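First up is the structure itself, then whatever we jot down about it.
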Amino acid sequence: MTAVAHLSSFYSAAPIVLWVEDVVTRDYLTKVWGDPAEIAFFIAGGNTAVRPAVETARREGIGHVFGLIDRDFGHTNIASWANLGADIRIFYPPRHEIENYTLDAAALAGCSLHNRRRTGAQITTRLEELVAQQPAWLACRRVVTEMRTDVLGNFPEHPSLAHVTTVAQAEQHITGSDWFAQIAGRVGTWATAGHVSARLRAAEANFTAALASGAWLMDFSGKEIFRRVREYVYQPPQNPGSPDSDFAKTIGEWQLTNNVVPADLTQLHSALRVRVGLAP
């Protein structure tokens with residue numbers, strides 16, 4: 001069997017194949033979308049593995065393979081999801097990560113695995129307590145992300161053998177790159193006294209403002225909050241299996257049953273269907 005034939009067989013599981021980062025994402029989306037028969041979820045084991053898998057399928061002309069990656073500190077591409085002229089294979093939702101969509105106090109209180117008898121008000125208070133711990137930590141993560149992007153952006157790719165046959169050509173490949181020409185200025189900016197501190201203070205102020213306005217659901221780290229609020233709401237049995245995944249499933253089921261599926265996720269499901277020729 002050729003490599004292309006093998007890939008085609010591998011991806012024949014459903015009209016839509018969606019690579020996701022982890023099991024919790026798969027299990028939550030499966031339930032919030034009502035166990036969609038048209039979608040096969042593949043687990044990449046992390047965000048860095050999603051894009052290569054999707055790009056490999058694309059190079060081989062397999063057009064029904066897509067990826068979903070947490071936005072984290074990047075940008076969403078939701079504005080282009082409904083535009084069939086935009087060749088989107090990787091989807092970045094508006095919220096920081098998929099767990100942010102589960103942080104629904106009513107769903108947390110109403111889901112079938114809520115066995116600690118917390119009231120809705122108690123759950124809301126617990127969410128607020130967990131969120132209040134994050135601004136400085138998130139500021140650090142954002143600035144580290146920005147610094148990495150600034151310093152390593154446009155980093156030279158490995159050349160082909162045909163293009164580098166002498167040390168002089170190797171040197172030119174590196175020193176002639178845009179990255180090399182800009183690196184001294186980039187590093188110098190970050191190394192300037194007070195620059196990191198100023199960026200951290202600005203980032204913390206933004207996150208604190210989001211906390212005060214209630215906009216934290218978009219930009220705060222949902223994974224950290226989800227795991228701790230799950231412990232607050234759900235006491236697993238002695239042999240728990242996968243508590244995070246099981247709990248995420250029941251939240252998705254509750255949201256679907258009660259017609260409160262987050263609009264972003266409804267739009268994502270429709271976009272995937274339309275891109276393979278199915279009705280939205």
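The values are calculated or read from the model by the stated rules, or taken from the named source; none is laboratory data. These figures come from a predicted structure and were not determined experimentally. Cβ coordinates were reconstructed from backbone atoms using ideal geometry, including for glycine residues, and neighbour counts include every protein chain displayed. Ligands, DNA and RNA are excluded from the accessible area calculation, which covers all protein heavy atoms including side chains. Shrake-Rupley method; radii C 1.70, N 1.55, O 1.52, S 1.80 Å.
Within the set of pairs 6+ apart or on separate chains, which have a first residue in the stretch 214-229 that is closer than 14 Å to F73 by Cβ, a second that is β-branched (V, I, T), and C-beta atoms under 6 Å apart?
If the second residue must be β-branched (V, I, T), the pairs left are F220/V131.
Hey, can you tell me all the residues within the stretch 177-188 that are assigned to a helix (DSSP H, G or I) and either surrounded by 12 or more Cβ atoms within 10 Å (Cβ to Cβ) or among the charged types (D, E, K, R) (or both)?
The answer is D178, W179, F180, Q182, I183, R186, V187.
Is it true that L272 is in contact with a strand residue (DSSP E or B) (Cβ under 6 Å, 6 or more places away or on another chain) and either of a type in the set (A, V, I, L, M, F, W, C) or modelled with pLDDT under 95 (or both)?
yes
When the residues of the stretch 189-223 are narrowed to those that are of a type in the set (S, T, N, Q) and touching a Lys or Arg at 6+ places or on another chain (Cβ under 9 Å), which ends up surrounded by the most Cβ atoms within 10 Å (Cβ to Cβ)?
For the stretch 189-223, the residue satisfying everything is S221.
Looking at (1) farther than 30 Å from G185 by Cα; (2) open to solvent by 40 Å² or more (accessible area, probe 1.4 Å); (3) in contact with a helix residue (DSSP H, G or I) (Cβ under 8 Å, 6 or more places away or on another chain), which is the one condition that is false for I174?
Here I174 clears every test but (1).
Keeping to the stretch 73-123, report how many residues are open to solvent by 60 Å² or more (accessible area, probe 1.4 Å), of a type in the set (D, E, K, R) and part of a helix (DSSP H, G or I).
The qualifying residues number 0.
Out of curiosity, is L265 buried (at least 19 other Cβ atoms within 10 Å of the Cβ), under 24 Å from G110 (Cβ atoms) and at pLDDT 95 or above?
Yes; evaluated as a whole, the condition is true for this residue.
Of everything in the stretch 18-49, what is among the polar types (S, T, N, Q) and open to solvent by less than 20 Å² (accessible area, probe 1.4 Å)? Give them in sequence order.
Matches in the stretch 18-49: T25 only.
In the stretch 142-168, which residue that is in a loop (DSSP other than H, G, I, E, B) and within 22 Å of A191 (Cβ to Cβ) is nearest to the chain's Cα centre (by Cα)?
Result: G153.
Identify all residues within the stretch 90-140 that are under 23 Å from F41 (Cα atoms) and β-branched (V, I, T); write none if there are none.
Passing the criteria: I90, I98, T102.
Return yes or no: is T149 closer than 24 Å to R199 by Cα and open to solvent by 60 Å² or more (accessible area, probe 1.4 Å)?
When the stated conditions are applied, T149 passes them.
Which ones in the stretch 236-260 are among the polar types (S, T, N, Q) and at pLDDT 95 or above?
Result: S245, T250, Q255, T257, N258, N259.
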